Structures are given as structure tokens and as C-alpha cells.
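*Asks:* Next up is a structure, given as C-alpha cells.
The values are calculated or read from the model by the stated rules, or taken from the named source; none is laboratory data. In this text the structure is predicted, and so the values were computed from the model without any measurement. Here the Cβ is made from the backbone with ideal geometry for all residues, glycine too, and neighbour counts use every protein chain on show. With ligands, DNA and RNA removed, areas are computed over all heavy atoms of the protein, side chains included. Shrake-Rupley method; radii C 1.70, N 1.55, O 1.52, S 1.80 Å.
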Amino acid sequence: PREEVAYVTCTYRETCIDQPDFLATIDLNPRSPYYCQVIHRLPMPNLKDELHSSGWSAGCACFDNVTTKRNKLILPCLISSRIYVVDVGSQCRAPKLCKMIEPVDVFWKCNKGYLNVPRSLPCGDILIANTGDPAGNAKGGFIVLDGETFELKGNWENECEAPPSGYDFCFQPRHNVLISSAGVVPKRAGRGFCPNDLKKGVYGRRLNVWNLSCRSLTQCFDLGEDSLPLSVKFLHNPEAAEGYVSCALSGVTYRFYKCEVSNWAVEEVIRIPAKDVTGWIMPKMPAFTVDLVISMDDRYLYLSNWLHGDIRQYELSKNCKPRLVGQVFVGGSILRGGPVTVCRDEELKCQPEPLVVKCKRVYGGPCKLQLSLDGKRLYVTNSFYSTWDKQFYPNMVREGSVMLQIDVDTEKGGLTVNKNFLVDFGKEPNGPCLAHEIHFACGDSTS
């Protein structure tokens, strides 16, 4: 079915507004009088959590269980390390908080912190990736919640096998594999992006391959110094033994695939070149690709390029590298008339124009993506991480972030901004906020 309701995580951290983060419910039904409006807000009971990623208590991994429904949304907090469980099943248009796990429990039981991506395992339990330890040092791995009671079970990986950093993960049960990416040292990321941190091990470089049933680390790929692999996705075909990982700082997307009975390999398939610039923090601006989504038919791959400001659509093929078939700019740091001047660009002939939707100038760059099940509507928000938002896009923090809809040509390829759709988080009752993760009640291309 077409998506009619979206849940979006929103934070007030770093906005100078002393209000709790909240889960926004968005009306996506074009026939509704409340279309593309926030129809409900569920505030959290604490301040400065930084609601970031979200995920379902039961997803497609449990599709064979007829009693399984997407009725609980898991909200781990990137900064506080708190975990909220939200009931969206009782009233899908008015979610309510049903459980909260305090940071001290996560710290003491798991020695983990700075929680990020949650996904449901084939067994029904919930796995949450972490990016650090309680002190903010880099530490990868996962914690586990019981899929029914939502009690904290402990760490997932075997003792002494936690990678040096973590961020995102995906798994393919039929191949008994889980793939995880790296991240940033939390206490260094909290100070903002600093060029002096480059080549000092602050930004991750590893792609990790795990045995899903044994919970053991079997392979590690070094993707290059300061590559910063973030978003990682398998193809949707449950038999597929391949997927993609996007590296934020290098601008490279790798394909990973099974090459032997239990061995995996990686190959570079996309490289977005950096741009030579003046008026920016460095002389070269990298293609900061922060999110990656694959269409349900495994035909198209989408990348969000947060710093340059474009969303890219690639056609996938078994016989060749992904082919760029669609591109649209929805903000970014290289817009015409801004403080940054592009001196050399391998792709563009001129700097893109600013985007205005429904009389609102869109600041920030494309970050989190969510694709409709039919692949025809791509939704995007433009907040990455509040501290870095404030550093790179202060106007977006002051004016509030947005949620946009990109119309997709699923036949020939192509992206177009829908000028009739805008969720303006600058008009929130408590002041402008920053919106991040998107999920649909009926299911989407990442759950």
C-alpha cells in the first residue's frame, strides 16, 4: 500500500532551545486536509538525547510469522545512550511511549554507549549498533533487546571481538552473515569536524564481516584511511549475496559480495570526486555521502551527498558498475551566491542554484533517505548530526530543517523535486528543530 503516515525523529540539541526531542507523525495522504503536516508530536521525557536513528521491533526478517506486526518503534539516543520504545500499533496517528531503558543500564551491563542503528534479528530480538563506550571513546559492536519484553539482554558479539568503531549494519540470514560499518570517535565528533583529526584514526576505515549465528568476526576490509564507511545495505532479494557501503569522506561506494563458501570481497563501484573550493574549512570539499537506499526491486541505488547537496540515482546491473541516471540538488554548501566558491569541478559546469519550496529557502544538505515501496517517491530530511549541522549549516539550525519529496522516474531513471510537498520543521510550536530518520507505518525500503 501507499505510505500514509511517516514517523520522523526530531531533536532540539544544539539549537539553543531547551525542549525535549520528539517523534513527529507526518500525514502523507494526498487526499487528507493535513497532507504533509505534523499531525502529532510525542515528546521524550528527557532533554538533549539526540534522537537519531530508529527501527522496528519486528521487520522483514520475521515475515513468516503471521502474528508479527510493526507496532513498536525503537528509538536509541545517539548522545544520552537512552533507549525509548514507542507504541505505534494502538494508534498509528498518535504514538505513545511504552518503555524506557536508562543509560546507566546500558553502561553497566554492556559497557557501551552512543547508540545508533536498531534492526530486528531473525530470532525476533532487536540489535542496536553502538559507536562508542560510556566515556566517548571509539568502540564498535552491538547490544541486544528482547523482542517481546524489550529488556536489555547484554552484548551481542562474543567477548573481545568488538571492532574499534561502529555505525550501521545489515544482515542476510540465508548466507549467515552480518556486515557492519565504522564511524567516528564520539568524543571527537562532539567537537565538530576538524581537519586536524584527519590521519589520526578519528574517522573509521573498516568494513566488518560477521558470522550471524556464531556472533563472531570473520573478516575485516580496510577501505582506506579516513574513508568513513557509514551506510551499509544488502540487496532486498533474500538470496542475494551482495550489497553496498558508502564512504562519507572518500566519496567512494563499494560493492561487497560473496566470492567463496564463506569468504567475501569488496570492489569500488562509485567514486564521487572532491571539489576544489575557496571559502570553506579545507581546500577540497569531499563528497560526504551519509545515506544509501536500494529500491525494493533492487534496480536502483540512491545516495545522499550532504556537503555537495545532491541526491543521486544509480541503476544497478549484474554485469557492470552502477550507472548514474538521476541527480537533483536540494541545498548543500556549494550553492551559487554562498560563501564557497568552486574553483575546479570534475562534474559540474557551474554552481547549483538555491532551492525554494513553497516560498521557503531550503538550507542544509540531503541526509536521511526513505523510499516508498513502489519506488516512486523518495523522501529526504537534511539534518545529519546536530553538532555538525551547527558547524556547516548554521542557517538550517536557525531556520529549522525540512522534509522533502523527490519524484522518481522508475522507468528511465530521473529525479525531480516535488514543489508541492514540504514539511517545515522551522514552524514547530516550540521552535525550529532538526529532523533525521524517516519510517513509514506500512513498511519502507529500509525495513
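*Asks:* Could you pull out the trypsin sites (Lys or Arg not before Pro) across the range 85-188 that fall in loop regions by DSSP (anything but H, G, I, E, B) with no more than 15 other Cβ atoms inside 10 Å? Walk me through the numbers before you get to the answer.
*Replies:* Numbers: sites: Arg93, Lys96, Lys99, Lys109, Lys112, Arg119, Lys139, Lys153, Arg174, Lys187, Arg188; in loops: Arg93, Lys112, Lys139.
Qualifying residues, ordered by number: Arg93.
*Asks:* Would you compute, from DSSP H runs of 4+ residues alone, the mean residue ellipticity of the chain at 222 nm, taking -39500 (n - 2.57) per run and dividing by the full residue count, rounded to the nearest 500? Numbers along the way, then the final one.
*Replies:* Numbers: 4 runs with 25 residues, N = 447.
Using -39500 (n - 2.57) per qualifying helix, the result is -1500 deg cm²/dmol.
*Asks:* Long-range amide H contacts for Lys275: which residues qualify at under 5 Å (H placed 1.01 Å from N, peptide plane, sequence gap of 5 or more or a different chain)?
*Replies:* Met285
*Asks:* While we're on this one: Take the eigenvalues of the Cα gyration tensor for the range 201-242, scale each by 5, and report the square roots as semi-axes in whole Å, largest first.
*Replies:* Values: eigenvalues 100, 43, 12 Å².
Semi-axes, largest first: 22, 15, 8 Å.
*Asks:* If you don't mind, another one. Tell me, what HN-Hα J-couplings in whole Hz come from the Karplus equation 6.51 cos²θ - 1.76 cosθ + 1.60 at θ = phi - 60° for each residue of the range 405-410, using x for Gly and Pro?
*Replies:* Per residue, the Karplus-derived 3J(HN,Hα) values read 10, 10, 7, 10, 8, 8 Hz.
*Asks:* Can you tell me the Rg and Dmax of the range 222-279, counting just the alpha carbons, in angstroms?
*Replies:* 13.7, 51
*Asks:* Here's another thing I want to ask about it. How large is log10 I(q)/I(0) at q = 0.06, 0.08, 0.09 Å⁻¹ when the Debye formula is applied to the Cα atoms of the chain, each weighted equally and without solvent?
*Replies:* With one equal scatterer per Cα and no solvent, log10 I(q)/I(0) is -0.22, -0.40, -0.51.
*Asks:* Using θ = phi - 60° and the Karplus relation 6.51 cos²θ - 1.76 cosθ + 1.60, list the HN-Hα couplings for the range 294-309 in order, rounded to whole Hz, with x at every Gly or Pro.
*Replies:* Values, residue by residue: 10, 5, 4, 8, 6, 8, 10, 10, 10, 10, 9, 10, 5, 7, 5, x Hz.
*Asks:* Checking the table Lys99/Lys153; Lys99/Lys368; Lys318/Lys368; Lys99/Lys390 against a 22 Å threshold on Cα-Cα, which pairs fail? Write out the running numbers ahead of the final one.
*Replies:* On the way: Lys99/Lys153 15 Å; Lys99/Lys368 26 Å; Lys318/Lys368 26 Å; Lys99/Lys390 31 Å.
Going by Cα-Cα distance, Lys99/Lys368; Lys318/Lys368; Lys99/Lys390 fall outside the 22 Å limit.
*Asks:* Using the crude model of +1 on Lys and Arg Cβ and -1 on Asp and Glu Cβ, and no other charge, please compute the dipole size for the chain relative to its Cα centre, in debye to 20.
*Replies:* Values: 51 positive and 50 negative charges, 147 e Å.
It comes to approximately 700 debye.
*Asks:* Moving on. Over 21 Å between Cα atoms, which of Lys199/Lys284; Lys48/Lys284; Lys284/Lys419; Lys275/Lys349; Lys187/Lys427 qualify?
*Replies:* Numbers: Lys199/Lys284 16 Å; Lys48/Lys284 33 Å; Lys284/Lys419 32 Å; Lys275/Lys349 12 Å; Lys187/Lys427 31 Å.
From Lys199/Lys284; Lys48/Lys284; Lys284/Lys419; Lys275/Lys349; Lys187/Lys427, over 21 Å: Lys48/Lys284; Lys284/Lys419; Lys187/Lys427.
*Asks:* Another one. What are the ³J(HN,Hα) values, in whole Hz, obtained from phi via the Karplus relation 6.51 cos²θ - 1.76 cosθ + 1.60 with θ = phi - 60°, for each residue of the range 34-47 in sequence order, with x given for Gly and Pro?
*Replies:* Ordered by residue, 3J(HN,Hα) equals 9, 3, 6, 10, 6, 9, 7, 10, 10, x, 7, x, 10, 9 Hz.
*Asks:* Got a sec? Charge dipole of the chain, +1 on Cβ for Lys and Arg, -1 for Asp and Glu; which of Trp388, Val340, Gly89 is way out at the positive end?
*Replies:* Result: Val340, furthest along the dipole toward the positive end.
*Asks:* Could you work out Rg/(2.2 N^0.38 Å) for the range 171-232, with Rg from alpha carbons only? Write down the numbers at each step before the final one.
*Replies:* Values: Rg = 13.8 Å, N = 62, 2.2 N^0.38 = 10.6 Å.
This ratio for the range 171-232 stands at 1.31.
*Asks:* What does the C-alpha gyration tensor say about the overall shape of the range 303-447? Classify as rounded when a/c is under 1.5, otherwise prolate if a/b is larger than b/c, or oblate.
*Replies:* Working: a/c = 1.85, a/b = 1.16, b/c = 1.59.
Cα axes put the range 303-447 in the oblate bin.
*Asks:* State in Å² the accessible area per residue of the chain; use a 1.4 Å probe, count heavy atoms of protein chains only, and round to the nearest integer. Walk me through the numbers before you get to the answer.
*Replies:* Numbers: 17470 Å² over 447 residues.
Result: 39 Å² per residue.
*Asks:* Oh, and also: Cross-link partners among aspartates and glutamates for Lys376, C-alpha distance below 17 Å, same-chain residues fewer than 8 apart left out?
*Replies:* Straight-line reach from Lys376, under 17 Å: Glu3, Glu4, Asp297, Asp298, Glu315, Asp407, Asp409, Glu411, Asp444.
*Asks:* Explain nothing, just the number: relative contact order of the chain, from Cα pairs under 8 Å at least 6 residues apart, as a whole percent. Let's see the in-between values first.
*Replies:* Working: 1262 pairs, mean separation 55.1, N = 447.
Relative contact order here is 12 percent.
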